[in-house]
1. Write down the Å³ per residue value for the convex hull defined by the alpha carbon atoms of the stretch 71-155.
2. Compute the distance from the alpha-carbon center of the stretch 153-177 to that of the stretch 179-254, in whole Å.
3. Could you please state how large a percent of the accessible area of the chain is carbon and sulfur, counting protein chains only and using a 1.4 Å probe?
4. Pulled fully out, how much extra length does the chain show between TYR100 and ARG31, if you take 0.36 nm times their separation in residues and subtract their Cα-Cα distance?
5. Test of the criteria: in the stretch 148-179, which trypsin sites (Lys or Arg not before Pro) are in a DSSP loop and have at most 12 other Cβ atoms within 10 angstrom of their Cβ?
6. Could you tell me what a quarter of the Cα convex hull surface of the stretch 112-225 works out to, in nm² with one decimal place?
7. How large is ³J(HN,Hα), in whole Hz, for each residue of the stretch 167-184 in order, when computed from phi with the Karplus curve 6.51 cos²θ - 1.76 cosθ + 1.60 and θ = phi - 60°, using x for Gly and Pro?
8. If you line up the Cα atoms of the stretch 139-196 on their principal axes, what length do they span on each, largest first, in Å?
Amino acid sequence: TMYSICSISKLFTSVSAMQLRDQGKCRLDDRVSALLPWFELQNTFPDGAAVTVEGIMTHSAGLPRESDFPYWTAPFEAPTHDQIVSRISGQETLYPTWKYYQYSNLGLTLVGEIVAELSGQPFQKYVRENVLDPLGMTSTTSEIGEVQGTEKLATGYSAVRRGGGRERVEPFEGRGMAPAMGFASTVQDLAKFASWQFRLLETGEHEVIDANTLREMQRVHYVDPGWETTRGLGFNVSRRDGKTFVGHGGSCPG
C-alpha cells in the first residue's frame with residue numbers, strides 16, 4: 001500500500017542535490033540566484049548574507065514557509081512550476097539569512113529546482129534514475145498524482161470532527177512543490193531507504209552517494225540562537241537523553 005510521505009520527500013531531494021555537489025556542479029555556499037536566474041525573491045535585509053544552497057537545505061535562509069498560494073486548504077492543489085516562478089518576485093525574506101530557523105517548503109522546492117537545472121533533466125526523472133531505482137525503491141514515486149485513483153494508494157481521512165467521525169480527504173498533489181512534499185511510498189520502500197543509510201555508514205563505501213557525504217548531511221549545520229533547533233542538510237538532527245536522532249517526518253492532508 002502506498003501512502004503520501006509528504007515532507008519525507010525532502011530527504012530524496014537533498015540526497016539528489018548532494019550527488020550533484022559531489023560531481024562539482026555546485027557548492028553549498030553558492031547563491032541560489034546564481035543557480036536559478038528566475039529566483040528574484042525580495043531580500044528585505046540587503047546588508048545580510050545571501051540566500052545560499054546550504055541556507056535553504058537547513059531552513060535557515062529566512063525564506064517564507066510556502067509559495068504564495070493557499071494550497072493547505074481544500075482542494076489542496078499545490079502550484080505548478082510556472083506558478084511558483086510567477087509569484088517568487090512578489091515574495092520576500094522574513095528574516096536575515098542564518099539568524100533564525102524557519103521551516104520552508106518553498107526552500108526545499110528550490111533545492112529540487114536546482115537539481116533539475118544542474119542535471120538538465122526534469123526533477124522526477126533525475127531522482128528516479130539516480131536515487132530511487134539504485135536503492136530498489138520501485139514502489140515510490142516523486143509525484144503522488146501518478147497513483148491517484150488506483151488501488152495502490154491508501155485512502156486518507158481527516159482528524160476526528162467536532163460532531164464525531166472522520167471525513168475522507170482526497171490525495172494531495174505536489175505538482176511544482178513535489179521536491180518538498182509530493183512523494184508517495186510504501187513501508188517496505190522506506191525500510192530500504194533506512195537500511196541503506198545504516199549500511200552506508202557501516203561500510204564507508206559509495207552507494208548512491210559517498211558515506212562521508214551522508215555523514216556530512218547528518219551532522220549539524222545550523223543551530224538556532226536558543227540552541228534548541230539543530231538541522232543537518234535536509235535531515236533533522238536532534239539530541240535527546242544523550243543520544244543523537246537523525247531523520248524527517250511528513251504530514252499532509254489525509
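The values are calculated or read from the model by the stated rules, or taken from the named source; none is laboratory data. Remember, it's a predicted structure, so these values are computed and weren't measured experimentally. Don't worry about glycine lacking a Cβ; one is built from the backbone with ideal geometry, like all the others, and counts go over all protein chains shown. We work out accessible area using only protein heavy atoms, side chains counted, and drop any ligands, DNA or RNA first. Shrake-Rupley method; radii C 1.70, N 1.55, O 1.52, S 1.80 Å.
1. Dividing the Cα hull volume of the stretch 71-155 by its residues yields 165 Å³.
2. Result: 26 Å between the Cα centres.
3. Carbon and sulfur together cover 47 percent of it.
4. 23.0 nm
5. Those that pass, being in a loop and sparsely packed, are ARG161, ARG162, ARG166.
6. Its average projected convex-hull area is 10.7 nm².
7. 10, 5, 10, 5, x, 7, 9, x, 6, x, 8, 3, x, 9, 7, x, 7, 10
8. Result for the stretch 139-196: principal-axis Cα extents of 44, 27, 23 Å.
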